[in-house]
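Reviewing the structure listed below.
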Amino acid sequence: MKILTIETSCDETSVAIVEDGKYILSNFISSQIKTHQLYGGVVPEIASRMHAEKINFLIKKTLETRKRGFQEIDAVAVTYGPGLEGSLLVGLTAAKTISVALNKPLIPVNHIHGHIYSSFLTENTPCFPFICLVVSGGHTQLVLVKDHFNMELLGQTRDDAAGEAFDKIARYLGLEYPGGPVVEKESLNGNETAFNFPRAMLKHKWDFSFSGLKTAVIYTIKALEQAEKKVPVPDICASFQKTVIDILTYKAVMACKFYDIKTLVLSGGVIANKAIVSNMYSETLKNKIKLHYPEKNLCTDNAAMTGSAAYFQYKKDAVSNPFIRVEPNAKIV
Ligand code: KG4
Ligand code: ZN
């Protein structure tokens, strides 16, 4: 089954064709980062306008890589939420139009389900049950995935998402948006034990909190500035990043052990961070837990992951919903 998929939940316009939830036949991602960098973060109004300008071109480009164009498409899938309302609306309108014109099913996909399925775009797919750690710019969640589309949300952040904390710290340090890749780069030259930032583990076992850490980092920078001392950017980045790594690794491994789950799946933009993956790798190895994570370009937003989720969702319930509306605050269960 070949699914044409559209993803426009935030600042990436992406169109893909995925076969049987596994094979990426085509996947184009047009990033708006360069534009939003000028403002230090995503400007929703600009994001939706840029999606509207790009979407037709990307659909055309995606189909042009295939010989039969629209003729080979069995269904159309689209992210309906969570995400920015105007951005989601552009993708949804395009997907609805194509599905009506082709008289093919329209499969609405939750963006977080997309991230979870980014590890299914490979031969070596995760075995059920598994724990999935979703760490993106908008979400930090621990999900127990029992089977295809049978999942339980174990915990999530009570305030900032992990990616958001990277973005805010970078902005405070005068680094560019998005913060994750630059903080990772600065950390390579820093000492991760230079500052001892708080590791909020919280009483509710599976929830996260990153706003206290963010405030502690900002107070540290302010104190250095007030004392007219040089702010050691690489050390701050490395110490902050190490704190995030410790929290994420501890919680994810603890959840696997508590539920006696032997597979951990990592997903979301923050997983593009090599230091996070390498720490997860050594900790899961120690605890005999199998680790899965997507290729770097499938960690951040892309339509291929959405196409994979769409396939498994449709295989389970065969529901086409041509009347779907955007849901900026859509929940995963
Ligand atoms: O999944 P994603 O592309 O979009 C959302 O659904 O939010 O994630 C974007 C987030 C941003 O906060 C960005 O700073 C973070 O992922 N990110 C990283 C890295 N690359 C992207 N965080 C840490 N290290 C990275 N290398
Ligand atoms: Zn995302």
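The values are calculated or read from the model by the stated rules, or taken from the named source; none is laboratory data. This is a predicted model, so every value here is computed, not measured. Ideal geometry is used to build each Cβ from the backbone, glycine not excepted, and the neighbour counts take in all protein chains shown. Heads up: the accessible areas ignore ligands, DNA and RNA and are worked out on the full protein's heavy atoms, side chains in. Shrake-Rupley method; radii C 1.70, N 1.55, O 1.52, S 1.80 Å.
Restricted to segment 129-163, and to residues there that are touching a residue at least 60 places away in the same chain (Cβ under 8 Å), within 19 Å of A255 (Cα to Cα) and open to solvent by 30 Å² or more (accessible area, probe 1.4 Å), the residue that is nearest to ligand 2 (Cβ to nearest atom) is H139.
Here's the yes/no breakdown for (1) surrounded by 13 or more Cβ atoms within 10 Å (Cβ to Cβ); (2) touching a residue at least 40 places away in the same chain (Cβ under 8 Å):
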residue: K230; (1), (2): no, no
residue: P234; (1), (2): yes, yes
residue: I247; (1), (2): yes, yes
residue: V253; (1), (2): yes, no
residue: I261; (1), (2): yes, yes
residue: L266; (1), (2): yes, yes
residue: N279; (1), (2): yes, no
residue: S282; (1), (2): no, no
residue: Y293; (1), (2): yes, yes
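Evaluated against (1) open to solvent by 50 Å² or more (accessible area, probe 1.4 Å); (2) within 19 Å of K96 (Cα to Cα), S31 falls short on exactly one condition, (2). Residues in segment 63-91 that are of a type in the set (S, T, Y) and open to solvent by less than 40 Å² (accessible area, probe 1.4 Å): T79, Y80, S87. Scanning segment 5-23 for residues that are over 17 Å from the mean Cα position of the chain (by Cα) and either within 16 Å of ligand 2 (Cβ to nearest atom) or open to solvent by 10 Å² or more (accessible area, probe 1.4 Å) (or both) returns E19, D20, K22, Y23. Do we find that T97 is out of contact with any Lys or Arg (no Cβ under 8 Å at 6 or more places or on another chain) and either within 16 Å of ligand 2 (Cβ to nearest atom) or small (G, A, S) (or both) in this structure? It is false that T97 is out of contact with any Lys or Arg (no Cβ under 8 Å at 6 or more places or on another chain) and either within 16 Å of ligand 2 (Cβ to nearest atom) or small (G, A, S) (or both).
Within segment 196-212, does at least one residue satisfy the condition of being in a helix (DSSP H, G or I) and more than 16 Å from ligand 1 (Cβ to nearest atom)? Yes, that holds for at least one residue. When the helices (runs of 4 or more DSSP H) confined to segment 74-186 are screened for residues that are away from ligand 1 (no atom under 16 Å from the Cβ) and of a type in the set (G, A, S), those reaching at least 2 such residues are found at 85-102. The C-beta contact set for segment 110-123 (first residue free of Cβ contacts under 8 Å to residues at least 40 places away in the same chain, second residue within 9 Å of ligand 2 (Cβ to nearest atom), distance under 6 angstrom, 6+ apart or interchain) is empty. Annotation for segment 40-62: at least one member residue is touching a Lys or Arg at 6+ places or on another chain (Cβ under 6 Å), outside any helix (DSSP H, G or I), open to solvent by less than 70 Å² (accessible area, probe 1.4 Å) and in contact (Cβ under 8 Å) with a residue 40 or more places away in the chain. The set of residues from segment 268-282 being in contact with a Leu (Cβ under 9 Å, 6 or more places away or on another chain) and either of a type in the set (A, V, I, L, M) or away from ligand 1 (no atom under 16 Å from the Cβ) (or both) comprises V270, I271, A275, I276, V277, M280.
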